[in-house]
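Before we start, here is the structure in question, set down as structure tokens.
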Amino acid sequence: MEVTVKENQLFVVLSISEVSSSSSTLFTKDEPVFARFGSGSGVPELRFGQEFESSTDVVIDLRTAQLFKLGPAESLCVSGAVEDNKEFIGVNVVKFVAVILKYYGIDFGSPLPNGAVSTSKSKFDEKIEASSAKMYFHYYGQLLHQQNMLQDFVRTGTYYAAVIENRADFLGRVVVDVGAGSGILSLFAAQAGAKHVYAIEASEMAEYAKKLIAGNPSLNGRITVIKGKVEEVELPVKADILISEPMVLPSLGALLFSHHKVDTLLFSRIHMAPFSDEYLYMEIANKAIFWQQQSYFGVDLTPLQRSAYEGYFSQPVVDAFDPRLLVAPAISHVINFNSIKEEDLYEIEIPLKFTCSVSTRIHGLACWFDVLFNGSTVPRWLTTAPGAPTTHWYQLRCVLSQPLYVMPGQEITGHLRLVSHKAQSYTIYLTLLATVGDMLQTSSGKLDLKEPYYRVSQPQAYSLAQDQQPTQLLQTQDILTQSLDQDGSVPVQQPSPNSGAELHSL
Ligand SMILES: C[S@@+](CC[C@H](N)C(=O)[O-])C[C@H]1O[C@@H](n2cnc3c(N)ncnc32)[C@H](O)[C@@H]1O
């Protein structure tokens, strides 16, 4: 390629992709990185670093690189290979570098030819809308949201037990933590004797994870935090074990089988049962009453009444409900993470068939999930069932605008279809059918998992034994239950838009 730039022209680097994501200490964060054109090595080059001609400079061969002019003073330099076989703190070969440069002077020299902007996107960019990804990673970049997950003791305690009680699976192994967040699972894996853990996290939380890990010096040396999207990160070595919280389908869960094919031992079951809940139904239906007003400051709101009504019924409800609201034994759909293909999660179709146990009005379908961590020493189940200790996922209910009347022994059929969309969630299509005499009743709904209605109520009394909790956590759980009794407050954290979206993802 031809580049007409002045020798030693100095640019300041606005962003460097890949180099910074694959190597955390290549450049000091607080110092600016400069780029300079030159031919010091005998070929036209773009050299960038923090000191003048230092050994840590990254040098791009301009005969193979491409330059794109972004604006009067901003250019993008894309290189396909940088110093092959060079190792940056154990991360092999920086294969691809994109640098945005801002000229540091007045004269830009001869203008660079404008290049066509590359359309090659990573798998993540193909799957996920940019605006959704931005919000998603902004959310997870905040400590309060990681805390929300961490202080879900049922969840974190089960993960802790699943790792620590299965030390044999971790001892001396290389582990990759996909979507590491605060790094908690990486720390657990290191506690369990992992040889090395690569903690991949795309959000700003990666910086906090580094801080947390650095503050635990006994484990620090065995964990490397890699800031980046798992779809775009290459590990220096093949991992033996993958750990992750996969309840962020389709954004993370799908990756577990496609991207890093390792010995994951994981099962998940989605449970579903019809429920009857007049209060919930009325509550939702009444929300649209506002739009019944014919003279709201002189304005007739009724043209939007139907849309508002449909809008409220398109929101899946998130709360911890009393299992006595279920009117038929639950059925389940198994997701086997060992054998499933990524595509299988893009659209999940579940046929429904229940036998009703009471005479009632059915208002919709309740869903929750269990996950099995099938460690070789102690298998562990995490359940989010109604009546079990409440988790930050609570349960999910799809409420239909048209209830069905049913009798004891009557069969209810239908189907649930989950279709993933680019905003990191699913559209839910639910149909329930019941025949009374000669009359077929059908009720259908379309709901958006990304827009749930958080109707979190008091957690239910713990009716299931928590024999899977480590002792220490059991005690903590007791304390929490006591404090609930004493002051009536809810110790379980409130969910937030995206944590709920995770719940719905399963
Ligand atoms: C549900 S949180 C779990 C965090 C942590 N593993 C834990 O158990 O507390 C999922 C994390 O995965 C990260 N994440 C989601 N998709 C990712 C991707 N494609 N690449 C890297 N990180 C991702 C999010 O930013 C978030 O911090």
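DSSP loop (so not H, G, I, E, B), at most 14 other Cβ within 10 Å: list which trypsin sites (Lys or Arg not before Pro) in region 396-430 pass both filters. Please list the in-between numbers first.
On the way: sites: R397, R417, K422; in loops: K422.
Answer by residue number: K422.
A further question follows. Could you tell me what % of all Cα pairs in region 124-222 have separations over 24 Å? Working shown, then result.
Working: 1214 of 4851 pairs.
That fraction is 25 percent.
Among S314, P303, I331, pick out the residue whose Cα is farthest towards the positive end of the charge dipole of region 281-355, where Lys and Arg carry +1 and Asp and Glu carry -1 on C-beta, about the Cα centre.
Selected residue: P303.
Something else: Counting only residues 5 or more places away or on other chains, whose amide H sits under 5 Å from the amide H of V225 once H atoms are built in the peptide plane?
A199
Report the label-to-label distance for M407 and D125 in nanometres (one decimal), using points 7 Å from each Cα along the Cα→Cβ vector.
Going by the 7 Å Cα→Cβ label model, 6.1 nm.
Go through 150-157, 441-448, 304-311 and give me the packing order, highest mean Cβ count within 10 Å leading. Please list the in-between numbers first.
Working: 150-157: 19.6, 441-448: 17.2, 304-311: 14.1.
By packing density, highest mean first, the sequence is 150-157, 441-448, 304-311.
Now a separate question. May I ask you to work out the translational diffusion coefficient for region 307-406 at 4 °C, viscosity 1.567 mPa s, via Stokes-Einstein with Rh from the Kirkwood sum over Cα pairs, reported in whole µm²/s?
Numbers: Rh = 16.0 Å.
D = 81 µm²/s.
Separate question: Quick query: amide H of Y453 versus all other amide H atoms, modeled in the peptide plane; which residues come in under 5 Å with a sequence gap of 5 or more or a different chain?
Here V317, V318 satisfy the definition.
Then there's this: Checking the table K134/K446; K341/K422; K287/K353 against a 24 Å threshold on Cα-Cα, which pairs fail?
Working: K134/K446 26 Å; K341/K422 18 Å; K287/K353 31 Å.
Beyond 24 Å: K134/K446; K287/K353.
Please list, by residue number, every one of the chymotrypsin sites (Phe, Trp or Tyr not before Pro) in region 272-307 that is coil in DSSP and has at most 10 other beta-carbon atoms within 10 Å.
Details: sites: F275, Y279, Y281, F290, W291, Y296, F297; in loops: F297.
Those that pass, being in a loop and sparsely packed, are F297.
Values in this text are rule-based calculations from the coordinates and carry no lab data. Nothing here was measured: the structure is a model prediction, and the numbers come from that model. When we count neighbours, we look across all protein chains shown, and the Cβ atoms used for this are built from the backbone with ideal geometry, even at glycine.
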